[in-house]
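Before any comments, here is the structure.
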Amino acid sequence: MPTLAQINALSPPEFLAALGGVFEHSPWIAERAFAARPFASVDALHAAMSDAVNGAGRDAQAALLRAHPELAGKEAQAGELTRDSKAEQAAAGLTALTREELERVSELNRRYRAKFAFPFIIAVRRHTKDGIFREFERRLELDPETELANGLEQVFLITRLRLEGLISG
């Protein structure tokens, strides 16, 4: 696990290799954040990455959300989740759902994607399985702009936790 000082000393390709996967399938965020080095803290690094997202425009933000897998969805069933997503979903119990729960999450995923055109995103490490289902239902009632903002907020929580796990100290 590298230290922040080691992260700050990386070349652009090394930085991208180390942090390009923090935001799901979106290495462009690490590429843009690189210019803000040196980072005084993990918070500063995360802020630079978040600023890259916030400054990217709505289309890029929506593409970032679409890059995320559905909860217990097709990617999970096919074994195609990233290492981080697999661990996060497993820790929340989403890889060991009952048949009824799997049917429920599948229907929620379908309804959510039909309404918002991106998957439901939640920092699963901060929720129980039942809490995830409740949030899913609650957020299905929201408008698209509010839910885009919620999705980004959850991405920022997820990536903050990922950075904490990647960088020592």
Return, ordered by residue number, the residues of the range 126-143 whose backbone nitrogen is under 20 Å from a label point located 7 Å along Cα→Cβ of residue 98. 128-137
Name the shape class, rounded, prolate or oblate, that the alpha-carbon gyration tensor gives for the range 16-61, where a ≥ b ≥ c are the square roots of its eigenvalues, rounded holds for a/c under 1.5, and otherwise prolate holds if a/b is larger than b/c and oblate otherwise. oblate
Cut-off 19 Å (backbone N to label point 7 Å along Cα→Cβ of residue 87), residues of the range 38-65: 42-43, 46
Go ahead and set up a Gaussian network model of the chain, Cα springs under 10 Å, then flag whichever of 52, 18, 114 fluctuates most. 114
Using a/c under 1.5 as the rounded threshold, could you call the range 1-125 rounded, prolate or oblate? The axes a ≥ b ≥ c are square roots of the C-alpha gyration tensor eigenvalues, and prolate needs a/b larger than b/c, oblate otherwise. prolate
GNM flexibility winner over the chain from 159, 82, 98 (Cα, springs under 10 Å): 98
What is the range 77-136 by shape, rounded, prolate or oblate, if you read a ≥ b ≥ c off the alpha carbon gyration tensor as root eigenvalues and call it rounded for a/c under 1.5, prolate for a/b larger than b/c, and oblate otherwise? rounded
In deg cm²/dmol, rounded to 500, what helix-only [θ] at 222 nm does the chain give when every DSSP H run of at least 4 residues adds -39500 (n - 2.57) and the total is split over its residues? -19000 deg cm²/dmol
Cα-based helix-to-principal-axis angle, 129-140 vs the chain, degrees rounded to 10: 90 degrees
Where is the GNM fluctuation largest for the chain (alpha-carbon springs, 10 angstrom cutoff): 61, 77, 89? 77
By how many degrees, 0 to 90 and rounded to 10, does the Cα axis of helix 99-116 deviate from the longest principal axis of the chain? 70 degrees
Whole-percent carbon and sulfur share, accessible surface of the range 1-69, 1.4 Å: 56 percent
Scan the range 103-169 for GluC sites (Glu not before Pro) in coil per DSSP, keeping those whose Cβ has at most 13 other Cβ atoms within 10 Å, and list them by number. 141
With the contact rule set at Cα under 8 Å and sequence spacing of 6 or more, what percent relative contact order holds for the chain? 27 percent
Residue separation times 0.36 nm, minus the C-alpha to C-alpha distance between residue 145 and residue 37: what's the value? 35.7 nm
Keeping all protein chains in place, calculate the accessible area per residue for the chain (probe 1.4 angstrom), answer in Å². 51 Å²
Using alpha carbons only, how many degrees (0 to 90, rounded to 10) separate the axis of helix 144-166 from the longest principal axis of the chain? 50 degrees
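The values are calculated or read from the model by the stated rules, or taken from the named source; none is laboratory data. Every value quoted in this text rests on a predicted model; they were computed, and no experiment measured them. Every residue, glycine as well, gets a Cβ built from its backbone with ideal geometry; the counts of neighbours run over all protein chains shown. All accessible areas refer to the heavy atoms of the entire protein, side chains included, with ligands and DNA or RNA removed. Shrake-Rupley method; radii C 1.70, N 1.55, O 1.52, S 1.80 Å.
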